[in-house]
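Structure first, then comments.
The values are calculated or read from the model by the stated rules, or taken from the named source; none is laboratory data. Quantities reported herein were computed from a predicted structural model and do not represent experimental measurements. We place every Cβ from the backbone using ideal geometry, glycine too, and count neighbours over all the protein chains shown. Keep in mind that these areas ignore ligands, DNA and RNA; they rest on the heavy atoms of the full protein, side chains included. Shrake-Rupley method; radii C 1.70, N 1.55, O 1.52, S 1.80 Å.
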Amino acid sequence: KVPLLNALDCWMSYCIMILVAASALYLEPINKTGVVADFVDNFNTGIMVVIFSSISAMIVMALCAVFHRAAMGGNSEYAIFNLGRSPSPDVLAAKMKEMFELLAQMETKELELALDALAVFDTRRIMNFMT
């Protein structure tokens, strides 16, 4: 999946939770008329507009994917779908080659000390990268 799809899904879930919480404002202690009722109505309408705008963006993304195959993965994909540009393969290859050469020069004990200094999250990320 493209990252924009995940971001929109997260945003819509958040908006739905806000709508559920805001529905508690319709309970009996709040008057059915007045400033508070108008605010609740306008707030809920605004959240619904955001949700339907996100759904519209997902539909546009799906239509782009139908007509432009690179929209769903690849190096020539749209930057908006990936929430940024992906690095070019030649730059990535050069950086990886440089990193591998540095790792090859390190002794095992030196590498163990370097890995021990990393946070748990970074160590897991390296492990996931390798497997």
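Okay, here's what the table says:
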| quantity | calculated |
| --- | --- |
| Cα Rg, Dmax, the chain, angstrom units | 24.1, 75 |
| Dipole magnitude (debye, nearest 20) for the chain, charges at Cβ of Lys, Arg, Asp, Glu | 380 debye |
| Cβ-Cβ FRET estimate between A24 and F121, R0 fixed at 22 Å, reported to 0.05 | 0.05 |
| The chain: relative contact order as a whole-number percent, Cα under 8 Å and 6+ apart | 26 percent |
| Per residue accessible area of the chain, 1.4 Å probe, in Å² | 78 Å² |
| Separation of the A7 and K97 label points, Cα + 7 Å toward Cβ, nm | 3.3 nm |
